[in-house]
Amino acid sequence: MAHTEAFASSLRVRLLANPAPLRHIAAMTPIKGAGGSPGGIGSFFLGFLMMCAGFYLLLQSIVVTQVFGLGMGLFRVAFFGGSLPITSGMILIPMLFGVGMVFYNARNLIGWALAVGSLVALIVGVISSIHFVMRNMSLFDLLVILILCVGGAGLFLRSLRDQERG
């Protein structure tokens, strides 16, 4: 322990007597701002906070509804000059046959195709039935939300740019 303290104190004395090695290290690694550029760290954090607040308020003002049921038409197929709606209940029938075929023989490619194809069609149908609606708000609320989002993004991106080059 005493040996370590003696080494540290002799190193301090040598660095205080000749600070040239410290200046060399400081010249090699200049302090950079946000993103490794001489941009402002303050505008980086202010822009980031503004973006977070704006997008939080924007996402809080969106209401997600969905219209999905077993009798709801997900797709339409042309059929003898008209169109036949394919409901989600109709998609479950080939899926059940496919799952049954897979459980009977796991190497049955037709069973896998039916099961996976029906599952993909069901997921696409559910996603396509989702509706996004903005809740009622005043123009002032909407402007505050949009200015927070866009202004924050501008400050955030400006902080990543080199301020010395302009």
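The values are calculated or read from the model by the stated rules, or taken from the named source; none is laboratory data. Note that the coordinates shown come from a computational prediction; the quantities given were computed from them, not determined experimentally. Quick reminder, even Gly has a Cβ in these numbers, built from the backbone with ideal geometry, and neighbours come from all protein chains shown.
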### Query
Out of curiosity, is residue 50 modelled with pLDDT of 85 or more, of a type outside the set (Phe, Trp, Tyr) and within 30 Å of residue 141 (Cα to Cα)?
yes
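Hey, could you check the stretch 116-137 for residues that are outside any helix (DSSP H, G or I) and exposed (fewer than 12 other Cβ atoms within 10 Å of the Cβ) and say which is farthest from the chain's Cα centre (by Cα)? Before the answer, list the steps.
We begin by selecting, within the stretch 116-137, every residue outside any helix (DSSP H, G or I); these are 129-137.
From what is left, the residues that are exposed (fewer than 12 other Cβ atoms within 10 Å of the Cβ) are 130-136.
Values: 130: 20, 131: 20, 132: 18, 133: 21, 134: 20, 135: 23, 136: 26 Å.
Ranking the qualifying residues of the stretch 116-137, first place goes to 136.
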### Message
Residue under question is residue 155, and the condition is that it be under 30 Å from residue 50 (Cβ atoms), modelled with pLDDT of 85 or more, surrounded by 14 or more Cβ atoms within 10 Å (Cβ to Cβ) and out of contact with any helix residue (DSSP H, G or I) (no Cβ under 8 Å at 6 or more places or on another chain); does it hold?
### Response
no
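Specify which of the listed residues (90, 101, 134, 51) is farther than 30 Å from residue 154 by Cβ and touching a residue at least 12 places away in the same chain (Cβ under 8 Å).
On the way: 90 fails: touching a residue at least 12 places away in the same chain (Cβ under 8 Å); 134 fails: farther than 30 Å from residue 154 by Cβ; 51 fails: farther than 30 Å from residue 154 by Cβ.
Only one candidate qualifies: 101.
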